[in-house]
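Heads up, the thing below is written out as structure tokens.
The values are calculated or read from the model by the stated rules, or taken from the named source; none is laboratory data. Given the structure is predicted, the values throughout are model-derived calculations rather than measurements. Methodologically, a virtual Cβ is constructed for each residue, glycine included, from the backbone with ideal geometry; neighbour enumeration extends over all protein chains shown. Ligands, DNA and RNA are excluded from the accessible area calculation, which covers all protein heavy atoms including side chains. Shrake-Rupley method; radii C 1.70, N 1.55, O 1.52, S 1.80 Å.
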Amino acid sequence: MGFTFNIDELRVYFPYDSIYPEQYRYMCALKRSLDAKGNCVLEMPTGTGKTVTLFSLITSYQWAHPEVGRLIYCTRTVPEMSKALEELKVVIDFRVSVLAADRKQKAKAIDDAMGGAAEGSSPPEPTGLAAGHILAVGLSARRNMCVHPEVSKEGDRERVDEMCRQLTAPWARDKAQKDGAPQSRGCLCTHYEKYEAAISEQSQLLPHGVYTIEDLRAKGLEEGFGWCPYYASRRLIQASSVAVLNYQYVLDPKVSLASGLGGAPTHAGARVQISGQATEPSILVFDEAHNIDDVCIESFSVKLNRQRLDQATGNVTRLSSEVDRVKREDASRLQDEYKRLVQGLRQAGQIDEHVAEQLASPILPEDLVNEAIPGNIRRAEHFLALLKRIVNFLRRYLQVDRAQCEGPLSIAHKLEEEADVDSKSLKFVHERLRSLLNTLRVSNLDEFTPITKVADFVTLLGTYAQGFTIIVDPYPEAQGLYDPTLLLSCLDASIGMRPLFKKYQSIVLTSGTISPLEMYPKILGMTNVVVTESFSITMERKCLCPLIVTHGPDQVPITSAFKLREDPSVVLNYGNLLEQLVQTVPDGLVCFFTSYRYLEQVLEKWYETGVIARVSAACDSGQGAVFLSVARGKVAEGIDFDRHYGRCVVLLVFCSSVCLAVYALSFGHSSTFAWRVLSSA
């Protein structure tokens, strides 16, 4: 199974017997971008083998050009990560088999040339990287990777993180080792202790291979390994050729330090300093990148309300009490922190990675990294007094009776005038809070989320003069319900992408729906764009039958247009349509709605009118099944309903007349037919 072919001088290892024309064109465009050490935006329809195409070309490129760094492949969900890694396994296994066959054929040719004299004297078979293997791992949140018997039972992400830190924090481990009592040892995580022991012995942790999240969890439960899958994955990424992870580990500054990406692959057992700076020519791929601008904007937006500010006030009071306690019991800790802060942010940033992962600072301009923290917030008590003034100012600022909008400079000026907080201090609030929480040895960081959000807010406010706006809405939920909300909204997605363009040699944005292609480089600030191209699907036969249903059996128009979507006759006609399709289509049927809210509304009506009961009866009789989802949602992009699982697809969406005409043309209909659709819609 599989074959190899050349694109220019590059030998590509493709694990299947045939390749679609659009896959080959996709590979050619991707190779041009990698050759030019630039960026590209590529669109290819879902179901055309985009993932295997990417992995085949890029891993072949890495094999031919060892100087190229790792491939960082970003997806949205854990199932997508697992699917990608399984596909990568197929690609690498095929490459290993081809290289083994090549070596065997070469040895036979040499033996034949020497008349059999070389028989039995061939060199030993290579292993590991030399044989074509790679190390590839996936990284997800603790909740998805934890194997601790108690912690893994928790379903809440924040609770899992908090319990993990209580078992693995350096001060907790130091206390248990000093006590030496068996009950103290029971307060530690045995899986993390095994991980630390393996690292101290310079262990490789795992041999070369492709490991999914499930594979790592299985290793964490095996007797011979037993280490923590989460921390092992973070360490293995340093030595990996391919890393598969969620968008947030690259885009969101609040979690990006956890991946520790940057630099060339290193020994998995080596101690590395987590850093945001990378100089190696790595390749960064964003799959399903049509919503990447939204992810960037959400990562740099902060929302506050009265409840959160009240909780932040309580956090400041709690921290003040902790500072007083530490002054009495161990004053040297605060004094050591003060000395570190005098040296500058880079030295002060060398703190416990557990805290750094949870409280990574919003991205700061490079010229701020080497600055010393201002003297007026170096002392813990002075810093907490400043935080108290900031929180009180924000509480007063929220007391409005109508919506208003201001720029960052305006709010910063008001802070300076009313709360005596200079703008330079604002830039360092989050970094200073992170250092203080580490000095106080706080493990339950979730308790201090409110004050952390305030620190996020003012740090971004003091750092960026443009690209943000501050919105105050006294009635965010409903008119008459007074609950003012303060939103620092990011308006410029390029703020989140800008560091990545400096950090990685090539960035690939790809999706099945990323049109218009020219828009994404502009809104993301992408420069050095080598290719922007869309590849249409190739079909050898007419295997799709697109139908546009505009009226029900009672001739009532059916549409999901907002003004008509809740009309009882429209909802009933949608139900009748689905019922008739279920009775006719022999296999699985997938139905997409415009939104989750509309899905819930329609389902409620269908239950009342008996549509669901009749559809269920058809499914029970062996006619297949119905899957209800939301268009452009995670399920729509993360699950393949191939073959009999998705024999029919129903889109309960509003289509404008132009969309209907384009849809008709895309499936080979004549322009006359498209014009007829355009005229009648």
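Take residue 136 and decide whether it is open to solvent by less than 60 Å² (accessible area, probe 1.4 Å), without any contact (Cβ under 8 Å) to a residue 12 or more places away in the chain and closer than 28 Å to residue 96 by Cα.
no
Could you tell me whether residue 57 is closer than 24 Å to residue 513 by Cβ, touching a Leu at 6+ places or on another chain (Cβ under 6 Å) and touching a residue at least 60 places away in the same chain (Cβ under 8 Å)?
Spelling it out, it is not the case that residue 57 is closer than 24 Å to residue 513 by Cβ, touching a Leu at 6+ places or on another chain (Cβ under 6 Å) and touching a residue at least 60 places away in the same chain (Cβ under 8 Å).
Return yes when residue 506 is in the same structural domain as residue 23 (by the TED database) and not aliphatic (A, V, I, L, M) and no when it is not.
Taking the combined requirement at face value, the residue does not satisfy it.
With the checklist (1) crowded, with 17+ Cβ neighbours inside 10 Å; (2) within 21 Å of the chain's Cα centre (by Cα); (3) in a helix (DSSP H, G or I); (4) modelled with pLDDT of 90 or more in hand, flag the one item residue 80 doesn't pass.
Every listed condition holds for residue 80 apart from (4).
Residues that are of a type outside the set (Gly, Ala, Ser), closer than 23 Å to residue 206 by Cα and in contact with a strand residue (DSSP E or B) (Cβ under 9 Å, 6 or more places away or on another chain), at least 1 per element: which helices (runs of 4 or more DSSP H) completely within the stretch 123-183 meet that?
Output list reads 142-145.
For the stretch 60-84, which positions are within 12 Å of residue 285 (Cβ to Cβ) and among the polar types (S, T, N, Q)?
75
For residues in the stretch 413-438 being within 34 Å of the chain's Cα centre (by Cα) and open to solvent by 10 Å² or more (accessible area, probe 1.4 Å), which is farthest from residue 170 (Cα to Cα)?
Looking at residues that are within 34 Å of the chain's Cα centre (by Cα) and open to solvent by 10 Å² or more (accessible area, probe 1.4 Å), I get 423.
Just give me the residues in the stretch 584-626 being within 26 Å of residue 511 (Cα to Cα), out of contact with any Cys (no Cβ under 7 Å at 6 or more places or on another chain) and not hydroxyl-bearing (Ser, Thr, Tyr), in sequence order.
588, 590, 591, 592, 593, 597, 599
What do you reckon, is residue 456 touching a strand residue (DSSP E or B) at 6+ places or on another chain (Cβ under 6 Å), assigned to a helix (DSSP H, G or I) and assigned by the TED database to the domain that holds residue 312?
yes
Mind listing just one residue for me: the one in the stretch 469-519 that is open to solvent by 50 Å² or more (accessible area, probe 1.4 Å) and among the aromatic types (Phe, Trp, Tyr) and, of those, farthest from residue 535 (Cα to Cα)?
Among those that are open to solvent by 50 Å² or more (accessible area, probe 1.4 Å) and among the aromatic types (Phe, Trp, Tyr), it is 482.
Does the stretch 554-567 include one or more residues that are under 30 Å from residue 53 (Cβ atoms) and open to solvent by 70 Å² or more (accessible area, probe 1.4 Å)?
no
Residue by residue through the stretch 205-222, note down the ones that are exposed (fewer than 14 other Cβ atoms within 10 Å of the Cβ) and in contact (Cβ under 8 Å) with a residue 60 or more places away in the chain.
Selection gives 207, 221.
Taking residue 459 as meeting all but one of (1) modelled with pLDDT of 85 or more; (2) surrounded by fewer than 18 Cβ atoms within 10 Å (Cβ to Cβ); (3) not charged (D, E, K, R), write down the number of the exception.
Only one criterion in (1) modelled with pLDDT of 85 or more; (2) surrounded by fewer than 18 Cβ atoms within 10 Å (Cβ to Cβ); (3) not charged (D, E, K, R) is unmet by residue 459, namely (2).
Among the residues that make up the stretch 83-103, is at least one of them open to solvent by less than 50 Å² (accessible area, probe 1.4 Å), under 29 Å from residue 527 (Cβ atoms), assigned by the TED database to the domain that holds residue 525 and out of contact with any Cys (no Cβ under 8 Å at 6 or more places or on another chain)?
yes
For the subset of the stretch 391-411 comprising residues that are open to solvent by less than 10 Å² (accessible area, probe 1.4 Å) and part of a helix (DSSP H, G or I), which member is nearest to residue 485 (Cα to Cα)?
Top of the filtered list is 394.
Condition first: among the aromatic types (Phe, Trp, Tyr) and closer than 24 Å to residue 646 by Cβ. Now tell me which residues in the stretch 1-54 satisfy that.
Answer for the stretch 1-54, where residues must be among the aromatic types (Phe, Trp, Tyr) and closer than 24 Å to residue 646 by Cβ: 16, 20, 26.
Identify, from the list 539, 526, the residue that is over 18 Å from the mean Cα position of the chain (by Cα), closer than 24 Å to residue 468 by Cβ and in a loop (DSSP other than H, G, I, E, B).
526
Test residue 534 against the stated conditions and say whether it is of a type outside the set (Val, Ile, Thr), farther than 27 Å from residue 48 by Cβ and touching a residue at least 40 places away in the same chain (Cβ under 8 Å).
Taking the combined requirement at face value, the residue does not satisfy it.
Conditions tested, residue by residue: (1) in a helix (DSSP H, G or I); (2) at pLDDT below 90; (3) hydrophobic (A, V, I, L, M, F, W, C); (4) in contact with a Cys (Cβ under 8 Å, 6 or more places away or on another chain).
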{"position": "225", "(1), (2), (3), (4)": "no, yes, yes, no"}
{"position": "238", "(1), (2), (3), (4)": "yes, yes, no, no"}
{"position": "253", "(1), (2), (3), (4)": "no, yes, no, no"}
{"position": "266", "(1), (2), (3), (4)": "no, yes, no, no"}
{"position": "285", "(1), (2), (3), (4)": "no, no, yes, yes"}
{"position": "292", "(1), (2), (3), (4)": "yes, yes, yes, no"}
{"position": "309", "(1), (2), (3), (4)": "yes, no, yes, no"}
{"position": "313", "(1), (2), (3), (4)": "yes, no, no, no"}
{"position": "322", "(1), (2), (3), (4)": "yes, yes, no, no"}
